[in-house]
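Enquirer: Encoded as structure tokens, here's the structure I'll be asking about.
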Amino acid sequence: MAEELRAIAWESRADAYSENDWAEIAARLQKEAINLLANRVVDIVIGYARSWDGKRATPCFLTDPSQAIRLIFDENCTHNLAKFLVGPDGYLTAPYRLAKKRPRVALVAAPWVLRTVVGLIQEHQITREDVVLLGIVDGRPIGVEPDIRVGQVAPNVEQEAEVERRIQALEEMPVIERWQWWDEQFSKCIRCYACRQVCPFCYCEQCIADENQPQWIERSSTTVNNRVWHTIRAFHLVGRCIGCGECERVCPVNIPLNLLNTKMRRETQEAFGYVAGTRVDVPPALFSFRVDDPDEFVR
Ligand code: SF4
Ligand code: SF4
């Protein structure tokens, strides 16, 4: 596959592109999708298409070169498409798909998708060779080199600064007030699990939240039960969440999950010097230990 890709790849460096040139990126994606499907390098291309309202974007799954015209890329393309690779229904892991034949997949990979692929490789869900990455970079570490670079986007620094500002405001609150503030947020949760369903790192076959023998997490959406659910989920994602923000975007009651996840990411970086999604050659922070760790529990 590597040879075929080299033959058709766009040669270029990230800085050869204009940032956020949506039409140019879409044109490159369409051209590459046609090449990959027509030359049978892959069976399916997963990307973004325009939604029913003519504005928003929606994931699309192309199997024929004639469908490539549907591919778009712009500021509405926020979904973390790596979600479709893994888990009980994932193209690369679903038992019913594997029983037939494992499809060869190409993925439109924005920076957050590239960082997710790094995490999924580290966690042995996929290998680098399993997927052709049509990469869109942002000038920051991405941990994995795309097979074909199709463009460059600018990081959303205003949004990042706003999240940091809100975290700082929370940190400045007395602990009891902060606790109450989070309880207020969690009390809104209706336990629809959209945040879990959209997250590529929630690929467990059986989520602890769905188990009932034993029932680790009560299902009714009381404040206490919701607090347990969100605390367990936050810890499950420590050192793994790459900060795509999809869980917050899909939450129907606007719980600010980004604040929680970003704070946990920052803690992981400060404690272990580890940033999820930026290095494929090191184990994730909580998957490793040092024998000279000063804490006794390691020995
Ligand atoms: S998406 Fe929002 S409402 Fe639904 S379970 Fe997650 S936090 Fe709760
Ligand atoms: S931001 Fe949310 S959806 Fe994205 S990786 Fe982190 S926990 Fe998952």
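Enquirer: Nearest 0.05, what FRET efficiency do PHE235 and ARG97 give at R0 = 41 Å with Cβ-Cβ as r?
Expert: For PHE235 and ARG97, the calculated efficiency is 0.85.
Enquirer: Per residue, how much accessible area does the chain have with a 1.4 Å probe, in Å²?
Expert: 53 Å²
Enquirer: About the Cα centre of the chain, what is the dipole size in debye to 20, counting +1 per Lys and Arg Cβ and -1 per Asp and Glu Cβ, all else neutral?
Expert: 840 debye
Enquirer: Provide the FRET efficiency to the nearest 0.05 for the ASN39-ASN156 pair, computing r from the beta carbons and using R0 = 22 Å.
Expert: 0.05
Enquirer: Can you say what percent of the DSSP beta bridges in the chain, counting only those with both residues inside, are antiparallel? Round to 5.
Expert: Of those bridges, close to 35 percent are antiparallel.
Enquirer: Go ahead and set up a Gaussian network model of the chain, Cα springs under 10 Å, then flag whichever of ASN254, ASN20, ASN212 fluctuates most.
Expert: Highest fluctuation of the listed residues: ASN212.
Enquirer: May I ask for the distance between the Cα centers of segment 107-122 and segment 189-227, given as a whole number of Å?
Expert: The two parts, judged by their Cα centres, are 24 Å apart.
Enquirer: Here's something else I'd like to know. Would you mind checking which residues have amide H under 5 Å from CYS60's amide H? H placed 1.01 Å from N; only 5 or more apart, or other chain.
Expert: Amide H neighbours of CYS60, under 5 Å, 5+ apart: GLY47, TYR48, ALA49.
Enquirer: Using a/c under 1.5 as the rounded threshold, could you call the chain rounded, prolate or oblate? The axes a ≥ b ≥ c are square roots of the C-alpha gyration tensor eigenvalues, and prolate needs a/b larger than b/c, oblate otherwise.
Expert: prolate
Enquirer: Quick one, could you list the DSSP H helices from the chain stretching 20 Å or more along their long axis (Cα atoms) with average Kyte-Doolittle hydropathy of -1.0 or above?
Expert: Taking the DSSP H segments of the chain (at least 20 Å long, mean hydropathy at least -1.0), we get 22-38, 157-171, 257-272.
Enquirer: With a 1.4 Å probe and all protein chains left in place, how much of the accessible area of the chain comes from carbon and sulfur atoms, in whole percent?
Expert: Carbon and sulfur: 53 percent of the exposed surface of the chain.
Enquirer: Let me ask something else about it. May I ask you to list the lysines whose Cα is less than 18 Å away from that of LYS31, ignoring any residue fewer than eight positions away on the same chain?
Expert: Result set, ordered by chain and number: empty.
Enquirer: Classify segment 79-118 as rounded, prolate or oblate from the Cα gyration tensor: take a ≥ b ≥ c as the square roots of its eigenvalues, call it rounded if a/c is under 1.5, otherwise prolate when a/b beats b/c and oblate if not.
Expert: Judged from the Cα gyration tensor, segment 79-118 comes out prolate (a/c at least 1.5, a/b above b/c).
The values are calculated or read from the model by the stated rules, or taken from the named source; none is laboratory data. Treat the numbers as computed from the prediction; the structure is a model and nothing was measured. Using ideal geometry, Cβ is built from the backbone for each residue, glycine included, and neighbour counts are taken over all protein chains shown. Side chains included, ligands, DNA and RNA excluded: accessible areas come from the protein's heavy atoms. Shrake-Rupley method; radii C 1.70, N 1.55, O 1.52, S 1.80 Å.
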